[in-house]
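Everything below concerns the one structure shown next.
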Amino acid sequence: MDDRLAERCRHIPMGVDLGLFRCRDRGSSGSETRILFAGRLTHNKGVEYLLRALVTPGMPGDVRLHIVGDGPLRAHLQDTAARLGISSRVHFVGAIPHPQLADEMARATVFCLPSVAD
């Protein structure tokens with residue numbers, strides 16, 4: 001690398017504890033497919049789209065959605081899950097500490113973070 005360029009470059013840590021958030025054995029999740037969402041429960045996060053995706057034709061019945069986080073839309077999202085008939089397939093975990101979030105991520109088959117732009 002050119003010395004002048006090297007002088008201008010700075011290392012900025014990404015802010016994720018890679019010792020905590022790492023790939024590891026998911027354990028015995030059986031045949032369950034676990035989708036994980038983690039974030040604040042607000043409109044712009046698009047969690048309602050995840051709920052609706054569980055009832056799309058062809059979606060396997062073993063898919064479970066774990067929602068980690070809290071926010072102003074929690075009650076609405078719980079009502080939506082009930083209205084769609086999927087309450088038994090959706091687990092609202094609530095807000096949890098980072099070490100527990102790392103465990104949730106390790107057990108997940110898929111992490112999904114939708115986003116809606118207004």
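Kindly provide the pair-distance distribution of the range 45-112 built from C-alpha pairs, with 5 Å bins from 0 and whole-percent values in order of increasing distance.
Taking every Cα pair in the range 45-112, the percentages come to 3, 15, 29, 25, 18, 8, 2, 0.
Once R0 is set to 35 Å, what does the formula 1/(1 + (r/R0)^6) return for the Cβ-Cβ distance between Ile96 and Arg52, expressed as a FRET efficiency to the nearest 0.05?
With R0 = 35 Å, the Cβ-Cβ based efficiency is 0.90.
In nm, give the distance between the simple-model label positions of Thr109 and Ala82, each being 7 Å from the Cα along the Cα-to-Cβ direction.
Each label point is offset 7 Å from its Cα along the Cβ direction, giving 2.7 nm.
Starting from the Cα-Cα distance between Leu20 and Asp3, subtract it from 0.36 nm times their residue separation and give me the gain in nm to one decimal.
Once the chain is fully extended between Leu20 and Asp3, it gains 2.6 nm.
Any read-out appearing in this document is the output of simple, stated calculations on the displayed coordinates, not a laboratory observation. Bear in mind the structure is a predicted one, so any value in this text is a computation, not a measurement. So basically every Cβ, Gly included, is an ideal-geometry build from the backbone, and we count neighbours across all protein chains shown.
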